[in-house]
2 protein chains.
Amino acid sequence: MMFSKACEYGIRAAVYVTLQSLEGRRVSVGEIGEEIDAPVAFTAKILQQLTRNNIIHSVKGLHGGFEIERVDMDNVKLNMIVKAIDGDKIYTGCGLGLKECNAQKPCPLHDKFLDIRTDLRNMLESTSLFELANGLEVGLTYLKR
Amino acid sequence: MMFSKACEYGIRAAVYVTLQSLEGRRVSVGEIGEEIDAPVAFTAKILQQLTRNNIIHSVKGLHGGFEIERVDMDNVKLNMIVKAIDGDKIYTGCGLGLKECNAQKPCPLHDKFLDIRTDLRNMLESTSLFELANGLEVGLTYLKR
DNA sequence: ATAAATTAGGATAAAATTGTCCTTTATTGG
DNA sequence: CCAATAAAGGACAATTTTATCCTAATTTAT
Ligand code: FES
Ligand code: FES
């Protein structure tokens, strides 16, 4: 609705990896797909993007899998994931579909749209994976239903 | 980025029709496509949806075209157009892609997402076509670039 | 009546996104 | 070294969204 499916999966996956890394567990693509209720092979592609962008870390081979370091749980904010997967159209795009958002030659919705986008941006830039994993840990929130 | 392409075209088209109806001019699909820089045949489909939803009015035949009545310029709010074209997933969807947004079993982003969505909703429900056409009329805003 | 203009609507086509499958590469344990 | 395990990556398939084209229906002017 706001993010692509790939991005939604990406965030859910990253949060799940965070949750498990907090317990010291490395997780496989299969487990991730299962636990966030996403197609495994597709999720694998997205995890590749996240590792290439140094958002999570992958280890090949026996006992391998995905993990995230404790510092990164705080340092990685949602906007980094969104940017890695959906690019920055969420920041540069125009709400009414003009080539780019441009205050010099704004679309009729520009001002109102900018307000909301700024809030969205602030939200994404300030929420960390750790924060999101916390609610999960205490059973307040869910990654699938 | 937030609305489908169809919805973006739909809003731009409706605003253009509003602008021209203010001058008493009925406009053709061809002119609309031209003036909002959108594919004509595709725009035609979208205009059909808008007329079926009584958002704008169409007249067939020679000197026909699209128009919108003065009262509707005030009564039609953006949320009606978005709903007609994109449905209500913008209201009911979950930011992280769970089946539906559900406060009983919320995703980790639910609270923060709801704040932003509420603002978006309020914005859409309170801005009318007339308001948007006004900025255009005085040359402050643009429907194409 | 007829011709011209204009929307309505159906059938496709093209492009983008989402999803699957299979092979390769790296790592570990025996 | 060898077998087993797991991510990386390439090729392809399905679905959805976007876009085009053609015909039908409606209205107006002559
Ligand atoms: S120009 Fe359209 S949102 Fe800024
Ligand atoms: S449950 Fe995800 S946004 Fe409400």
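Readers should treat all values here as calculations from the given coordinates under stated rules, not as data from a laboratory. Every value quoted in this text rests on a predicted model; they were computed, and no experiment measured them. Neighbour counts are summed over all protein chains in view; Cβ atoms, including those assigned to glycine, are modelled from backbone coordinates with ideal geometry.
The table below gives the values:
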read-out: Cα lying deepest toward the dipole's positive end in chain A, options A:GLY87, A:VAL29, A:CYS7, charges on Cβ; value: A:GLY87
read-out: Angle in degrees between helix A:5-22 and the longest Cα principal axis of chain A, rounded to the nearest 10; value: 40 degrees
read-out: Relative contact order for chain B, counting Cα pairs under 8 Å that sit 6 or more residues apart, in percent; value: 29 percent
read-out: Nm distances between copies for B:GLU69, ranked from closest, using label points 7 Å along Cα→Cβ; value: 6.7
read-out: Shielding score for B:119-129, defined as the mean number of other chain Cβ atoms within 10 Å; value: 3
read-out: Integer Hz, Karplus 6.51/-1.76/1.60 couplings in order for the range A:111-121, x for Gly and Pro; value: 4, 5, 5, 4, 3, 5, 5, 5, 4, 4, 4
read-out: Residue pairs, from the table A:LYS144/B:LYS5; A:LYS112/B:LYS105; A:LYS89/B:LYS105; B:LYS45/B:LYS112; A:LYS112/B:LYS112, whose Cα atoms sit over 27 Å apart; value: A:LYS144/B:LYS5; A:LYS112/B:LYS105; A:LYS89/B:LYS105; B:LYS45/B:LYS112
read-out: Cβ-isolated cysteines (cut-off 4.7 Å), chain B; value: B:CYS7, B:CYS107
read-out: Other protein chain Cβ atoms within 10 Å, averaged over every residue that makes up B:88-99; value: 5
read-out: Computed [θ] at 222 nm, deg cm²/dmol, the protein assembly as shown (DSSP H ≥ 4; -39,500 (n - 2.57); rounded to nearest 500); value: -17500 deg cm²/dmol
read-out: Other copies of B:ALA44: label-to-label distances in nm, shortest first, labels 7 Å along the beta-carbon direction; value: 4.6
read-out: Inter-copy separations for B:ASP88, label at 7 Å along Cα-Cβ, nm, ascending; value: 3.7
read-out: Rounded to the nearest 20 debye, dipole of the range B:5-137 from Cβ charges on Lys, Arg, Asp, Glu; value: 560 debye
read-out: Reach of B:LYS60 by Cα under 13 Å, taken over aspartates and glutamates that are not fewer than 8 positions away in the same chain; value: none
read-out: ³J(HN,Hα) computed for each position of the range A:30-44 - Karplus, 6.51 cos²θ - 1.76 cosθ + 1.60, integer Hz, glycine/proline x; value: x, 5, 4, x, 4, 6, 10, 6, 9, x, 4, 5, 5, 4, 4
